[in-house]
Amino acid sequence: MCLRLCRAPVVGCRGAALVSSRWLHDAQYQVRQDGASRAQEQQDPFELVADELSLLANRLRSMVAAEVPKLASAAEYFFKVGAEGKRFRPTVLLLMASALKFPLSESTEGGVLSILADKLRTRQQNIAEITEMIHVASLLHDDVLDDADTRRGVSSLNLIMGNKLSVLAGDFLLSRACVALAALGNTEVVSLMATAVEHLVTGETMQISTSREQRRSMEYYLQKTYYKTASLISNSCKAVAILAGHTAEVSMLTYEYGRNLGLAFQLIDDVLDFTGTSASLGKGSLSDIHHGIITAPMLYAIEEFPQLQEIVDRGFDNSANIEIALDYLRKSRGIERTKELAREHADRAVKAIESLPDSDDEDVLTSRRALIDITERVITRTK
């Protein structure tokens, strides 16, 4: 099974006077169709669901309202207009929902089909909202743990309102997500999303309690990265498929897409921590190494220069150690190899989309092209 993206060849119009008017009409029609197809392929994935994202953002703002004013202000902080970011995860989930053809019997009446499809779409939107609340809650908690002072280019909530209120705001968002999950009434989906939350906690714990051996292990790093970044998006993609009643095989393909997309995203994030600037990242560059977190670029550098391990073991409280480590990193292929690994995961994500059941539905194909486009954007981004 593969995604059919090929187009019919464009027929030239030279010598049109020698052919029938009917042939010319067909050729011109094909040119117009191909032009429209190319324009569609180049459409911004985020624009495809822009209207839906706007509705989702409004619902999120209402869902996090609280009786206590300070808690309400804290919970709403990253849902305010201008601070919400690109809504990467909801965009992926809405596109995934569109990429999966609604598996109903052909005998279903048109009116009934429309009602069922609308109901399903609302439930899939709920998954996008729940995922975003869980994600933002994890950011609030992470910023407290990391003592961060910026997030998404603005002051972090813990800097503005203090650590205690930030933690409570994160807990409040998780509770709202749980209420919304329970309302879906699907135990398998509840289990998936609960697992994603468990993984977030597990990943953060792995990061702050690593042994010397674990810090130098690529396998440990990738497992932690899956828990912290990829589990939420992969399980959310799978939840979207399950709500639509798809087979275990299709659901697993959506999971694999999310898993590999999430891993690729974090690998590039780790590259940008070394190569990006504070302005482009919306945070201080070299933040990981300043917190003593060893990521893929440095792990690959250690493979090439084993003597770097001694510097890493000393820690980075001393700025001189940071400069020595960065010098080794520059001489190594750590950055390049991390990008190559990100590309491998992006390719696996694309393969998962291409393996979805064939469809002639143009909306389905457009959404699948957009999901593939997102994988390329993830590994070529500069911020």
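Might you let me know whether the range 148-161 holds any residue that is modelled with pLDDT of 85 or more and acidic (Asp, Glu)?
So far as the range 148-161 goes, no, none of its residues is modelled with pLDDT of 85 or more and acidic (Asp, Glu).
Tell me, which helices (runs of 4 or more DSSP H) wholly within the range 158-218 include 2 or more residues that are in contact (Cβ under 8 Å) with a residue 60 or more places away in the chain and more than 30 Å from Glu303 (Cβ to Cβ)?
Passing ranges, in order: 163-184, 187-208.
In the range 256-266, what residues are closer than 15 Å to Leu192 by Cα, crowded, with 21+ Cβ neighbours inside 10 Å and not small (Gly, Ala, Ser)?
Once the filter is applied, which keeps residues that are closer than 15 Å to Leu192 by Cα, crowded, with 21+ Cβ neighbours inside 10 Å and not small (Gly, Ala, Ser), the range 256-266 yields only Arg259.
Residues that are among the basic types (Lys, Arg), assigned to a helix (DSSP H, G or I), open to solvent by 40 Å² or more (accessible area, probe 1.4 Å) and within 27 Å of Val144 (Cβ to Cβ): does the range 225-247 have at least one?
Looking for residues that are among the basic types (Lys, Arg), assigned to a helix (DSSP H, G or I), open to solvent by 40 Å² or more (accessible area, probe 1.4 Å) and within 27 Å of Val144 (Cβ to Cβ), one finds at least one in the range 225-247, hence yes.
Of all residues being free of Cβ contacts under 8 Å to residues at least 12 places away in the same chain and open to solvent by 60 Å² or more (accessible area, probe 1.4 Å) in the range 56-73, which is nearest to the chain's Cα centre (by Cα)? Just the residue, please.
Here the residue is Asn58.
List the pairs whose first member sits in the range 295-324 and is under 16 Å from Thr210 (Cα atoms), whose second member is open to solvent by 70 Å² or more (accessible area, probe 1.4 Å), and whose Cβ atoms are under 8 Å apart, counting only residues at least 6 apart or on separate chains?
Partner pairs satisfying both residue conditions: Leu299/Arg216; Gln309/Arg216; Val312/Arg216; Asp313/Arg212; Phe316/His290.
Please count how many residues of the range 140-189 are polar (S, T, N, Q) and over 26 Å from Cys237 (Cα atoms).
Total satisfying the criteria: 6.
Taking the stated definitions as given, is Asp269 out of contact with any Ser or Thr (no Cβ under 7 Å at 6 or more places or on another chain) and open to solvent by 50 Å² or more (accessible area, probe 1.4 Å)?
Judged against the criteria, Asp269 is not a match.
Any idea which of (1) of a type in the set (Ser, Thr, Tyr); (2) touching a residue at least 60 places away in the same chain (Cβ under 8 Å); (3) open to solvent by 50 Å² or more (accessible area, probe 1.4 Å) is the one Thr131 doesn't satisfy?
In the conditions (1) of a type in the set (Ser, Thr, Tyr); (2) touching a residue at least 60 places away in the same chain (Cβ under 8 Å); (3) open to solvent by 50 Å² or more (accessible area, probe 1.4 Å), Thr131 misses (3) alone.
Would you be able to say whether some residue in the range 47-58 is modelled with pLDDT of 80 or more, under 24 Å from Asp358 (Cβ atoms) and assigned to a loop (DSSP other than H, G, I, E, B)?
The answer is yes; a qualifying residue exists.
The values are calculated or read from the model by the stated rules, or taken from the named source; none is laboratory data. Nothing here was measured: the structure is a model prediction, and the numbers come from that model. Using ideal geometry, Cβ is built from the backbone for each residue, glycine included, and neighbour counts are taken over all protein chains shown. Accessible surface is based on the protein model in full, side chains and every heavy atom, while ligands, DNA and RNA are left aside. Shrake-Rupley method; radii C 1.70, N 1.55, O 1.52, S 1.80 Å.
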